[in-house]
């Protein structure tokens, strides 16, 4: 969130527009997962308009794929919303987001566990939306963003069914 954001929802809507150039409709979740670690997951029923699918706490900075590693000096939390696109997404910042990668639930789980070659993801059904910088090099590897990585890792064997239910 930025200082001018009135709520987590306002922050999400602003960030989405800035990052992918289209709006979204946030969907309220009937239940919110509160994730503090792999063995620390609670389910909460929130009231009000802002009902994210998850609130994920993690340490930072940490080695890749280890969001709760003891080397982390601080803790942050990320609010994860479920949303529907309201337009055609496209990467806006070529240096920050050279492309968007649409993953299936199995891709999310695998990419949370390890860096995955882009070619492997594309061959198994992931889709890429390239930005103005042109096509991605064939040798590119994909790494999950911190919040989704932590959420998928914490869910463990339940991650695939969790993400599958969101589709």
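The values are calculated or read from the model by the stated rules, or taken from the named source; none is laboratory data. Treat the numbers as computed from the prediction; the structure is a model and nothing was measured. When we count neighbours, we look across all protein chains shown, and the Cβ atoms used for this are built from the backbone with ideal geometry, even at glycine.
List of remarks:
- Of all the criteria given as (1) modelled with pLDDT of 85 or more; (2) within 25 Å of residue 54 (Cβ to Cβ), the one not satisfied by residue 146 is (1).
- Considering segment 116-149, the residues that are part of a helix (DSSP H, G or I) and out of contact with any helix residue (DSSP H, G or I) (no Cβ under 8 Å at 6 or more places or on another chain) include one that is surrounded by the fewest Cβ atoms within 10 Å (Cβ to Cβ), namely 123.
- Note on segment 58-85: residues that are touching a helix residue (DSSP H, G or I) at 6+ places or on another chain (Cβ under 9 Å), assigned to a strand (DSSP E or B), surrounded by fewer than 17 Cβ atoms within 10 Å (Cβ to Cβ) and touching a residue at least 60 places away in the same chain (Cβ under 8 Å) amount to 4.
- Filter result for residue 55 (out of contact with any helix residue (DSSP H, G or I) (no Cβ under 8 Å at 6 or more places or on another chain) and part of a strand (DSSP E or B)): yes
- Annotation note: Cβ proximity below 6 Å between a residue of segment 128-142 that is modelled with pLDDT under 85 and a residue that is assigned to a loop (DSSP other than H, G, I, E, B) (sequence gap 6+ or interchain) occurs for 131/91; 131/94; 131/98; 132/94; 133/94; 133/98.
- Segment 37-52, subset part of a strand (DSSP E or B) and touching a strand residue (DSSP E or B) at 6+ places or on another chain (Cβ under 7 Å), residue farthest from residue 155 (Cα to Cα): 44
- For residue 49, the requirement of being without any contact (Cβ under 8 Å) to a residue 12 or more places away in the chain, on the phi < 0 side of the Ramachandran plot and exposed (fewer than 15 other Cβ atoms within 10 Å of the Cβ) is not met.
- Residue that is surrounded by the fewest Cβ atoms within 10 Å (Cβ to Cβ), among those in segment 86-108 that are closer than 16 Å to residue 144 by Cα and over 13 Å from the mean Cα position of the chain (by Cα): 96
- If you check 154, 99, 112 for being in contact (Cβ under 8 Å) with a residue 24 or more places away in the chain and touching a helix residue (DSSP H, G or I) at 6+ places or on another chain (Cβ under 8 Å), only one passes: 112.
- For first residues located in segment 5-29 and on the phi < 0 side of the Ramachandran plot and in a helix (DSSP H, G or I), partners that are surrounded by 15 or more Cβ atoms within 10 Å (Cβ to Cβ) and at pLDDT below 85 and lie 6+ apart or on another chain with Cβ distances below 7 Å form the pairs 8/50; 9/50; 18/92; 19/92; 19/97; 20/91; 20/92.
- Checking each residue in segment 1-35 for being farther than 14 Å from residue 85 by Cβ and surrounded by 15 or more Cβ atoms within 10 Å (Cβ to Cβ) picks out 8, 9, 11, 29, 32, 33, 34, 35.
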